[in-house]
Amino acid sequence: MSSNFNLSCVLFDLDGTLVDTAPDLIACLNISLVKHGFDEVVSDRLKPFISYGAAVMINKSISNVDEQTQEKILETMLDYYQHNIAEHSRFFSGMAETLDTIESLGLKWGIVTNKRERFTNPLVDAFNLTERVACIVSGDTTANCKPHPDPMLNACAQANVKPEECVYIGDALHDIDAGKNANMKTLAAIYGYLKPDDNPKNWGADALIESPAQLTTWITTACH
């Protein structure tokens with residue numbers, strides 16, 4: 001690690017990085033599919049597409065369906081999800097300890113996600129994180145979403161930190177690109193929702209992170 005790197009803020013992607021939201025998202029998708037006359041899908045097949053949004057999840061679940069039907073399924077799914085935002089979602093194992101360590105080191109931390117504010121804010125609140133975060137940036141907070149640097153720079157403005165003092169961790173290529181585009185250190189969360197054809201070794205991240213415990217070690221090392 002570069003000796004001139006002065007870490008002051010850790011920024012997280014939300015779904016598949018900070019919180020395992022797959023159980024709720026896929027449960028709401030299945031409820032919607034059945035309601036509109038389709039079969040349920042197996043969760044493991046859909047997990048890799050969560051980072052790309054609900055519409056992509058639906059598109060990967062059913063084929064040869066007209067756009068109007070897909071829109072109806074999407075509307076039903078998002079309505080269910082908004083009212084069942086954290087029934088089964090959990091921190092990834094060890095993540096609660098990671099956040100405690102970040103705070104004990106006197107660092108700020110925040111969230112930058114492509115999830116819409118109508119879902120991000122209630123989810124963050126359900127995990128009692130609203131008062132702990134230095135910033136929250138959703139997919140509709142800025143004019144552009146990841147991989148554009150705008151959300152990253154907005155997060156820095158909220159947290160009152162410089163991009164070059166931040167590290168961003170996410171489980172998709174667009175996360176790493178967003179961090180790099182904003183001149184941040186980047187970490188690939190390979191414990192997250194990777195697609196079968198993903199090759200995070202080629203993403204250009206500063207490190208590959210296999211677990212929140214390894215993330216804790218990386219952060220602690222960066223501070224010494």
(request) Taking the residues in segment 59-88 that are among the hydroxyl-bearing types (Ser, Thr, Tyr) and in a helix (DSSP H, G or I) as candidates, determine which candidate is surrounded by the fewest Cβ atoms within 10 Å (Cβ to Cβ). (result) 69
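Take the residues in segment 202-221 that are in contact with a strand residue (DSSP E or B) (Cβ under 7 Å, 6 or more places away or on another chain) and in a helix (DSSP H, G or I), then tell me which one is surrounded by the most Cβ atoms within 10 Å (Cβ to Cβ). Can you show your working first?
Kept after step one, since they are in contact with a strand residue (DSSP E or B) (Cβ under 7 Å, 6 or more places away or on another chain), are these residues of segment 202-221: 203, 205-209, 215, 218-219.
Right, trim to in a helix (DSSP H, G or I) and you get 215, 218-219.
Working: 215: 27, 218: 21, 219: 20.
So, considering only residues that are in contact with a strand residue (DSSP E or B) (Cβ under 7 Å, 6 or more places away or on another chain) and in a helix (DSSP H, G or I), the one surrounded by the most Cβ atoms within 10 Å (Cβ to Cβ) is 215.
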(request) Scan (1) more than 24 Å from residue 149 (Cα to Cα); (2) of a type in the set (Val, Ile, Thr); (3) buried (at least 18 other Cβ atoms within 10 Å of the Cβ) for the single condition residue 41 breaks and write down its number. (result) (3)
(request) Return a yes/no flag: does segment 51-58 have any residue that is modelled with pLDDT of 95 or more, of a type outside the set (Ser, Thr, Tyr), touching a helix residue (DSSP H, G or I) at 6+ places or on another chain (Cβ under 8 Å) and not in a strand (DSSP E or B). (result) no
(message) Pairs please, first residue from segment 123-139 and closer than 18 Å to residue 105 by Cα, second anywhere and of a type outside the set (S, T, N, Q) and part of a loop (DSSP other than H, G, I, E, B), Cβ atoms under 9 Å, 6+ apart in sequence or on different chains.
(response) 129/18; 134/161; 135/161
(message) Given (1) touching a Ser or Thr at 6+ places or on another chain (Cβ under 7 Å); (2) surrounded by fewer than 16 Cβ atoms within 10 Å (Cβ to Cβ), identify the lone condition not met by residue 151.
(response) (2)
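The values are calculated or read from the model by the stated rules, or taken from the named source; none is laboratory data. What you see is a predicted model, and the numbers here were worked out from it, not measured in a lab. Reconstructed Cβ throughout: ideal geometry from the backbone, glycine too, with neighbour counts over all protein chains shown.
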